[in-house]
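Student: To start, I am sharing the structure in question, which I have written as structure tokens.
The values are calculated or read from the model by the stated rules, or taken from the named source; none is laboratory data. Computed from a predicted structure; not experimentally measured. Note that we place each Cβ from the backbone using ideal geometry, even for glycine, and neighbour counts take in every protein chain shown. Areas reflect the complete protein model, heavy atoms only, side chains present, ligands, DNA and RNA absent. Shrake-Rupley method; radii C 1.70, N 1.55, O 1.52, S 1.80 Å.
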Amino acid sequence: MILLRSGLKSFLIYLWSGWGAIASLMLFLAVWEWAGLYYGELILPNPRITFQTLAGLIAEGSAWQELTITARRALIGFGAALAVGSTLGLVAGLSMTALMMSRPIVTVLIGTPPIAWLVLALLWFGNGDGTPIFTVFVACMPIVFVGAMLGARTLDGQLGDVATAYRLPPLMRFTDIVLPHVVSYLFPAWITALGISWKVVVMAELLASSDGVGAALAVSRSHLDTAATLAWITAVVGLLLAVEYLLLEPIKREIERWRVAV
Amino acid sequence: MTTAVHAPAHLEVRGLGHKFALQTILEAIDLDVTSGEVVALVGPSGCGKTTLLHLCAGLMPVRTGQIISSFNNPACMFQQPRLLPWKSTLDNIALGLKAAGTGRDERTRRARMLGLQTGLAHEDLGKFPHQLSGGMQSRVALARALAIMPDLLLLDEPFSALDIGLKAELYALLLHHLNTCSLGVLMITHDLMEAIRLSDTILVMAPSPGRIVHRFRIDLPAMQRDDAFVYKMTAELLQDSAVRTSFRLAPIKSELLTRQELPC
Ligand SMILES: Nc1ncnc2c1ncn2[C@@H]1O[C@H](COP(=O)(O)OP(=O)(O)O)[C@@H](O)[C@H]1O
Ligand SMILES: [Mg+2]
């Protein structure tokens, strides 16, 4: 109960600290508005028109429908990358052999541009769900892998001695010694990967799918409908910001409370 | 079956040696710790005391010689506090209890009791290690070792980060535990007075390679030793040539030593 209340309090304090962010966002909107005036509505519709278009898309129901499709694809690819990347990264960090074997592969994965994977995926999976999901998976997996590997590599051997000296059972050694340390490396990697998954899925849909936000963007482009294009972009970015700052950042603060001075 | 319960536990180190790479750190170490006995290991820094303690704690494999222990529940306090940064003071103290499967309520109760006994304040118990001073952290480390009610305590310079007043308090706490639980203690210190105040046997180590060059026994029970006794014994010990060479002290003139003895 007390923990919950202190959590709520720190969450409110965190929200309050968001005023600075909101101020800079307002500044950004002002610049957008001004640039819109300068270039004219056809090239750059101003924020008001963009939000109106977005509201229209939401009202007619197509916004949520496309966003759900896109989110499902992004989350499946992201989830798979999370499971595979975290597991393999941990194993690689704990065993020298696994590290030597997997490092070059991961370097290749990181070095290959997502668009190249997309072309391959198109050849392999065609126009179905498989293409965006696969592309998201390959783009995110190496990032999660590296986070997990670094976390496991930087484990403090001295704390391992403490675990041995106090006869911690293997499971408790993992949950109480290994996990808290690794999570402080993993979680930031997860957040980065989530952002990437969201961008990559839209790109993949734009080129490969007939539904989802990316496909909607392709349609508005072919109609030369700049307002709809901006509305879709706003929806995608807004959703990502909301998830990151209202959900992930507070969680990160909570699990890393031991790092910051209260 | 029943006789085994009453037999005092024993730690026996015979002919122990250790090498890091090609450098010989320890050579031909013999020592014994019986339950109820405090053995102090003194010697200059770098002579291999910590290595010896880690070998006794089973943290490194024994390659030369042997270590036989019949203690069931040893606890180790490291030279650095080595607290888990993501656990509160209370949870750090309770670490060994949790590992042994003690229930949450019981281990919180015992951890709180020991935290307060080792001189921590109520509000410190909820803090994380990075919010504690160095001295507080060593107190948490000591409490963590005492919490599992060990039958053998391995202490690596346990009191070196503490001020004199707190040292005296913790000596008293340790002696209290010794008397009530009759546990064996192997304690490293570079403070001769501390060794004389607390221990029954003092082993003096010399470096390169680390070996035991002198053994002293103190027969007066620790509870009966007063400051005067400690000062007198320290002065006596410092006269010993083995102790002086081990700590690389120049031979002292005897009249200077008598003058040092005057205050007591
Ligand atoms: N892990 C290690 N690897 C190599 N050398 C070590 C290691 N640990 C300690 N040593 C060396 O062993 C010697 C004894 O160290 P230590 O046991 O910590 O001494 P003390 O505790 O008496 O100060 C030192 O010379 C130190 O450099
Ligand atoms: Mg040492």
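Student: Which order do you get for B:Ser35, B:Ser241, A:Ser220 if you rank them by accessible area with a 1.4 Å probe, largest at the top? Please report the intermediate quantities before stating the final value.
Tutor: Numbers: B:Ser35 35, B:Ser241 90, A:Ser220 5 Å².
Largest accessible area first, the list is B:Ser241, B:Ser35, A:Ser220.
Student: Could I ask something else about it? On alpha-carbon atoms, Rg over Rh for region A:45-255 using Kirkwood Rh? Display every interim value, and only then the final one.
Tutor: Details: Rg = 20.5 Å, Rh = 18.9 Å.
For region A:45-255, the value is 1.08.
Student: How would region A:12-83 be classified by its alpha-carbon gyration tensor: rounded, prolate or oblate, with rounded meaning a/c under 1.5 and the a/b versus b/c comparison settling the rest? Working shown, then result.
Tutor: Working: a/c = 2.26, a/b = 1.30, b/c = 1.74.
Oblate, because a/c is 1.5 or more while a/b does not exceed b/c.
Student: Please compute the contact order of region B:77-149 in relative form: average sequence separation of alpha-carbon pairs under 8 Å and at least six residues apart, divided by the residue count, as a percent. Provide the component values of the computation, followed by the final result.
Tutor: On the way: 94 pairs, mean separation 35.7, N = 73.
RCO, region B:77-149: 49 percent.
Student: Then there is this: Averaging over every viewing direction, what projected area does the convex hull of the Cα atoms of the protein assembly as shown cover, in nm²?
Tutor: On the way: hull surface 140.2 nm².
With every direction weighted equally, the projected area is 35.0 nm².
Student: Report the convex hull volume per residue for region B:1-117, counting only C-alpha atoms, in Å³.
Tutor: Details: hull volume 19.8 nm³, N = 117.
Normalising the Cα hull of region B:1-117 by residue number yields 169 Å³.
Student: As I understand it, the value is the acute angle between the Cα axis of helix A:96-111 and the longest principal axis of the Cα atoms of chain A; what does it come to in degrees, rounded to 10?
Tutor: Around 10 degrees separate the two axes.
Student: Using only Cα atoms and rounding to the nearest 10 degrees, what angle (0 to 90) does helix A:2-16 make with the longest principal axis of chain A?
Tutor: 40
Student: In region A:218-262, what residues drop by 40 Å² or more in accessible surface going from the chain by itself to the full protein assembly, probe 1.4 Å?
Tutor: Buried by 40 Å² or more upon assembly, which counts only protein chains, are A:Trp258.
Student: On the principal axes of its Cα set, how long, how wide and how thick is region B:77-149? Give whole Å, largest value first.
Tutor: 29, 24, 22
Student: When the gyration tensor of chain B is built from Cα positions, what are the square roots of 5 times its three eigenvalues, in whole Å, from largest to smallest?
Tutor: Values: eigenvalues 188, 107, 70 Å².
Semi-axes, largest first: 31, 23, 19 Å.
Student: Follow-up question, since we're still on this one. How many square angstrom of accessible surface are buried between B and A, both sides summed, with a 1.4 Å probe and rounding to 100?
Tutor: The contact between A and B buries close to 2000 Å².
Student: Related question: By a straight-distance test (C-alpha under 26 Å), which lysines pair with B:Lys87 as possible cross-link partners, with residues fewer than eight away in the same chain excluded?
Tutor: Correct list for B:Lys87: A:Lys9, A:Lys252, B:Lys98, B:Lys127, B:Lys167.
Student: Relative contact order, percent, of chain B when contacts are C-alpha pairs under 8 Å separated by at least 6 residues?
Tutor: Working: 462 pairs, mean separation 65.7, N = 264.
Relative contact order comes out at 25 percent.
Student: I'd like to check one number: the per residue accessible area of the protein assembly as shown, probe 1.4 Å, reported in Å² as a whole number. Don't jump to the answer; show the numbers that get you there.
Tutor: Details: 26950 Å² over 526 residues.
Averaged over the residues of the protein assembly as shown, the accessible area is 51 Å².
Student: Suppose we keep just the DSSP beta bridges with both residues in the protein assembly as shown; what percent of those would be antiparallel, to 5? Mind showing how you got there, number by number?
Tutor: Working: 19 of 38 bridges.
If we restrict to bridges inside the protein assembly as shown, about 50 percent are antiparallel.
Student: Next question, about the same structure. At B:Lys19 and A:Leu29, where each label point lies 7 Å from the Cα along Cα→Cβ, what is the point-to-point distance in nanometres?
Tutor: Label at B:Lys19, label at A:Leu29, 7.4 nm between them.
Student: 7 Å from Cα along Cα→Cβ at both B:Ser241 and A:Val119: what's the point-to-point distance in nm?
Tutor: Those two pseudo-labels are separated by 8.6 nm.
Student: Given Cα pairs under 8 Å that are at least 6 residues apart, what percent is the relative contact order of chain A?
Tutor: Details: 262 pairs, mean separation 63.3, N = 262.
Reported relative contact order: 24 percent.
Student: Hey, got the dipole for region A:45-255? About the Cα centre, +1 on K and R Cβ, -1 on D and E Cβ, debye to the nearest 20? If you can, show how the numbers build up before the last one.
Tutor: On the way: 11 positive and 12 negative charges, 72 e Å.
Computed charge dipole of region A:45-255: roughly 340 debye.
Student: Moving to a separate point now. By per-residue mean of other Cβ atoms within 10 Å, what is the highest-first order of A:28-35, B:69-76?
Tutor: The densest-packed peptide leads the list: B:69-76, A:28-35.
Student: Can you tell me the orientation of helix A:114-125 relative to chain A, as the angle in degrees between its alpha-carbon axis and the longest Cα principal axis, to the nearest 10?
Tutor: 90
Student: Of all accessible surface on the protein assembly as shown at a 1.4 Å probe, what whole percent is carbon and sulfur? Write out the running numbers ahead of the final one.
Tutor: Values: 17540 of 26950 Å².
About 65 percent, which is the carbon plus sulfur part of the accessible surface.
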